Amino acid sequence: MSEPKTERRLDLPRFDVAYEATLIPSIGVVVPGHMRDVSLTGLCFLSDQIREVGERLKLVVELPDRDEPLTGEVEVIWAEERTSEVGMHVYPYAMGLQAV
């Protein structure tokens, strides 16, 4: 389901964020979730659903100071079971997403 952590690009600075976001697959169910952090090469997305490594999806992020959402195509580069609390919600999965 996931590549080993040692192969991930963890050497870049990461910046904490707190944005609700949605992943939209070409076929299937929309995946709501939460952006936890971003870096130069990608972001960490928390969700109740997990997607396959290599899958490409549309990312839609609602930013508080913009009328239109930020959108772009991303690829799942890692995915794992990892419980994360955000407010009152507990997300069972985390995924690394990279812009394509």
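For segment 42-95, the list of trypsin sites (Lys or Arg not before Pro) that fall in a loop by DSSP and count at most 12 other C-beta atoms within 10 angstrom reads R66. Projected label points at Q98 and R56, each 7 Å from Cα along the beta carbon direction, are separated by 1.4 nanometres. Normalised radius of gyration (Cα atoms, divided by 2.2 N^0.38 Å) for segment 5-99: 1.02.
All of the numbers you see were taken from the coordinates with simple rules; none came from a lab. Just so we're clear, the structure is a prediction, and the values are computed from it rather than from any experiment. Positions of Cβ are backbone-derived with ideal geometry, glycine not excepted, and every protein chain shown enters the neighbour counts.
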